[in-house]
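Quick notes on the structure that follows.
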Amino acid sequence: MPENNIVLEKEFEKRLIQQEKIEPRDWMPEKYRNQLIRLISQHAHSEIIGMLPEGNWITRAPSLRRKIALLAKVQDEAGHGLYLYCAAETLGTTREEMFDQLHEGKAKYSSIFNYPTLTWADIGMIGWLVDGAAIINQTTMARCSYGPYSRSLLRICKEENFHKIQGMEIVGVLCSGTKEQREMAQESFNRWWWPTLMMFGPHDSNSPNSGELLKWKIKMKSNDELRQRFIDITVEQAKVFGLEIPDPNLNYNQKTGKWDTGEINWEEFYNVINGNGLCNKERLGARKNAHFGNSWVRDAATTYENKKNNLKAA
Amino acid sequence: MTAEENKNDQWELWEVFLQGKTGEAHIHAGSLRAADKEMALQNARDVYSRREKFENIWVVKSKDIIASTQKDNDSFFGTVEDKIYRHPQFYKLPDGMKNEFKK
Ligand SMILES: [Fe+2]
Ligand SMILES: [Fe+2]
């Protein structure tokens, strides 16, 4: 590393210790920049792909009340994607580059969106569990060191609460409904519980980059800490709903005051991450269809703008 | 279709400023991409005002913003913090007039 960079990196780290935020035009280590691009673009992709499993139920929502809620939620997720793509672009990548990586299957997004939404109860579970898990991640990350990411997350967090609560309302109604409705909720819960725990990523002992990310404040809490927080909140809520956690090893640990769970099926996790989940192909296919199928709209807008500019010049 | 044919996806980047009520300052909300100013305004409305009503929205092309650089802050902002005589607390008044400072 050139002498100059060592000095700059020292100053950079001093700024982080003083709780300063880093802004796009400030000096930053290349690795910090690249880690952020990876992190923020993955997050953006997750918001956009995350619209698909829920979009699947918009036309079949059981009432108008449910339909407007779901529409508004899916719209919000599109907005979250936009905030985040813009935040990533401040680091020097382009949206086109990020889209290319997504479409070519080179970019990752949250593994949870590769599971199918088979019943209406799944829409409730996604709001309660998936958005609930995302809120825990995002509220912690909102304190991260990169200004544009932190600001996007603050904006996102304000909107997420309704996502979770509308999901909990759906689950609550099903759980206090007929026998069939209660069974539908339990069956759905059984399918979503473990994949939601996987959303927090591998155990701390298996996430090699964590140290550096924590030092640079682009990770604020470890995967296991965040997962534990989610478990402790959700186990209590499941009791209120009258749902049974699909884990025979779930046990309240008197010493720690926290809930211990059985081991997560990491083989399944890596399988889904590597493209072999139930819906990976379907999600990417739908995403590409939307992007390339609508390219004529973007072309028309660009042509129109060029034409106006040419008229002005003439 | 290949990525090559889609080059014009990179629309102009715009910064969005929102004014909550008349008389308030516009505050930076975030950015977006749009092909022209009408689309920038409409996208700003759709993306940044889904919950609240705002009085007014500004959109500005990002490339038109001139910004200071953090690494020059010391020389750029200079000794402003030393100039305490620009604040009322610098001055001394008789005891009976202390609440002048609270205004
Ligand atoms: Fe979101
Ligand atoms: Fe959400």
Answer yes or no as to whether A:Glu183 is open to solvent by 60 Å² or more (accessible area, probe 1.4 Å), part of a helix (DSSP H, G or I), away from chain B (no Cβ under 14 Å) and within 16 Å of ligand 2 (Cβ to nearest atom).
no
Residue under question is B:Ala40, and the condition is that it be modelled with pLDDT of 95 or more, more than 10 Å from chain A (Cβ to nearest Cβ) and surrounded by fewer than 13 Cβ atoms within 10 Å (Cβ to Cβ); does it hold?
no
Failed criterion for B:Pro88 (all others in (1) open to solvent by 60 Å² or more (accessible area, probe 1.4 Å); (2) under 20 Å from A:Gly81 (Cα atoms); (3) not charged (D, E, K, R) hold):
(2)
Is it the case that B:Ile57 is away from chain A (no Cβ under 13 Å), hydrophobic (A, V, I, L, M, F, W, C) and surrounded by 14 or more Cβ atoms within 10 Å (Cβ to Cβ)?
yes
Do we find that B:Asp95 is surrounded by fewer than 17 Cβ atoms within 10 Å (Cβ to Cβ), at pLDDT below 90, over 25 Å from A:Lys73 (Cα atoms) and among the acidic types (Asp, Glu) in this structure?
yes
Against the condition of a type outside the set (S, T, N, Q), over 20 Å from the mean Cα position of the chain (by Cα), more than 30 Å from B:Trp14 (Cβ to Cβ) and open to solvent by less than 80 Å² (accessible area, probe 1.4 Å), how does A:Lys67 come out, does it pass?
yes
Pull up segment A:287-314, narrow it to residues that are part of a helix (DSSP H, G or I) and more than 17 Å from B:Ala35 (Cα to Cα), then point me to the one that is nearest to the other protein chains (Cβ to nearest Cβ).
A:Phe292
Looking at (1) surrounded by 13 or more Cβ atoms within 10 Å (Cβ to Cβ); (2) at pLDDT 95 or above, which one does A:Glu305 not meet, given that it meets all the others?
(2)
Criterion violated by A:Glu159 - all others in (1) within 16 Å of ligand 1 (Cβ to nearest atom); (2) at pLDDT 95 or above satisfied:
(2)
Regarding segment A:89-98, can at least one residue be identified that is crowded, with 21+ Cβ neighbours inside 10 Å, more than 24 Å from A:Gly277 (Cβ to Cβ) and not hydroxyl-bearing (Ser, Thr, Tyr)?
yes
Of the residues in segment A:75-100, those that are within 12 Å of ligand 2 (Cβ to nearest atom) and more than 8 Å from chain B (Cβ to nearest Cβ) come to A:Glu77, A:Ala78, A:His80, A:Gly81
All positions within segment A:207-231 that are open to solvent by less than 40 Å² (accessible area, probe 1.4 Å) and of a type outside the set (Val, Ile, Thr):
A:Ser207, A:Ser210, A:Leu213, A:Trp216, A:Lys219, A:Ser222, A:Asn223, A:Leu226, A:Arg227, A:Phe230
What's the number of the condition A:Gly105 fails, among (1) within 16 Å of ligand 2 (Cβ to nearest atom); (2) part of a loop (DSSP other than H, G, I, E, B)?
(1)
All positions within segment A:136-168 that are free of Cβ contacts under 8 Å to residues at least 40 places away in the same chain and away from ligand 2 (no atom under 13 Å from the Cβ):
A:Ala142, A:Leu154
Kindly evaluate A:Arg60 against the criterion of being among the basic types (Lys, Arg), buried (at least 19 other Cβ atoms within 10 Å of the Cβ) and away from ligand 1 (no atom under 16 Å from the Cβ).
no
With the first residue restricted to segment A:236-264 and required to be of a type in the set (A, V, I, L, M, F, W, C), and the second required to be in a loop (DSSP other than H, G, I, E, B), Cβ contacts under 6 Å at 6 or more apart or on different chains are A:Ala238/A:Ile245; A:Leu250/A:Thr261
Extreme residue, farthest from the other protein chains (Cβ to nearest Cβ), among residues of segment A:112-129 that are away from ligand 2 (no atom under 16 Å from the Cβ) and open to solvent by less than 10 Å² (accessible area, probe 1.4 Å):
A:Ala121
Condition test on A:Leu82, is it assigned to a helix (DSSP H, G or I), within 16 Å of ligand 1 (Cβ to nearest atom) and open to solvent by 10 Å² or more (accessible area, probe 1.4 Å)?
yes
Tell me which residues, restricted to segment A:23-34, are in a helix (DSSP H, G or I) and either within 14 Å of chain B (Cβ to nearest Cβ) or surrounded by fewer than 19 Cβ atoms within 10 Å (Cβ to Cβ) (or both).
A:Glu30, A:Lys31, A:Arg33, A:Asn34
From (1) more than 20 Å from A:Glu97 (Cβ to Cβ); (2) away from chain B (no Cβ under 14 Å); (3) in a helix (DSSP H, G or I), pick out the condition that doesn't hold for A:Leu284.
(1)
So if I check each of A:Met220, A:Met198, A:Met141, A:Met184, which one is among the hydrophobic types (A, V, I, L, M, F, W, C), away from ligand 1 (no atom under 16 Å from the Cβ) and within 14 Å of the chain's Cα centre (by Cα)?
A:Met198
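The values are calculated or read from the model by the stated rules, or taken from the named source; none is laboratory data. As the structure is a prediction and not an experimental result, all values here were calculated from the model. Cβ: placed from backbone, ideal geometry, glycine included. Neighbour counts: every protein chain shown. For the accessible areas, the whole protein counts, side chains as well, though only heavy atoms, and no ligand, DNA or RNA atoms are used. Shrake-Rupley method; radii C 1.70, N 1.55, O 1.52, S 1.80 Å.
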